[in-house]
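Throughout, read-outs are computed from the coordinates displayed, never taken from laboratory work. Computed from a predicted model, the values in this text were never measured in an experiment. Please note: Cβ atoms are built from the backbone with ideal geometry, for glycine as well, and neighbour counts cover all protein chains shown.
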Amino acid sequence: MEFNVGKCGVMHLGRGNGQRRYVLDGQEIQRVSEQKDLGVLIADNLKPSAHCVTVYKQASRVLAMMQRTIIYKKKVILLSLYKTLARPLVEYCTAAWSPCYQKDKILLERIQHRFARMFPELKFLPYEERLVKLGLWTLEA
């Protein structure tokens, strides 16, 4: 199998790493600090923060699209769309990148907060009550 050197990258992990140069077919392989593999963004410090921010942005775009395009905001329709389009983005492959920092957990939970506020009749209830009424659970659970 031939490798495309332009698509290859070297990520150095750990503090004691010698950070050597790697050459393939006479070309130096570029050094990268982040690399996406199977949809999960992996950073050289192995912290999931960069991936959490990426997922948050994707899910926010989905929620914004739902807010703009759906005229009749019926509970059944919005729940189906949320469970089909937004929630899988947040839950995908969490065994590999599970957020361990509180700031990452709060960031991802904001997606569900935004969705729960899309219903005018639930807007003024506490977050936990909104989740019960919608039949959802927190993302941390």
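Some points to look at:
- When the GluC sites (Glu not before Pro) in the range 1-65 are filtered for DSSP coil states and for at most 15 other beta-carbon atoms within 10 Å of their beta-carbon, the remaining sites are E2.
- The chain - convex hull of alpha carbons, volume per residue in Å³: 142 Å³
- Neighbour-count order for D37, D104, fewest beta carbons within 10 angstrom listed first: D37, D104
- Positive-end residue of V32, L78, A43, charge dipole of the chain with Cβ unit charges: L78
- Taking every alpha-carbon pair under 8 Å whose residues sit at least 6 apart, the chain reaches a relative contact order of 19 percent.
- Trypsin sites (Lys or Arg not before Pro) restricted to DSSP loop in the range 1-109 with at most 14 other C-beta within 10 Å: R15, R20, R21, K73, K74
- Cross-link pairs K36/K74; K73/K105; K75/K105; K103/K123; K47/K133; K7/K105 - those with Cα-Cα distance over 29 Å: K36/K74; K47/K133; K7/K105
- Nearest-ten-degree value, helix 102-116 long axis tilted from longest Cα axis of the chain: 40 degrees
- Our note on the geometry: Cα centres of the range 21-38 and the range 75-141, 37 Å apart.
- Take the Kirkwood radius over Cα pairs of the range 76-134, plug it into Stokes-Einstein at 20 °C and 1.002 mPa s, and you get 171 µm²/s for translational diffusion.
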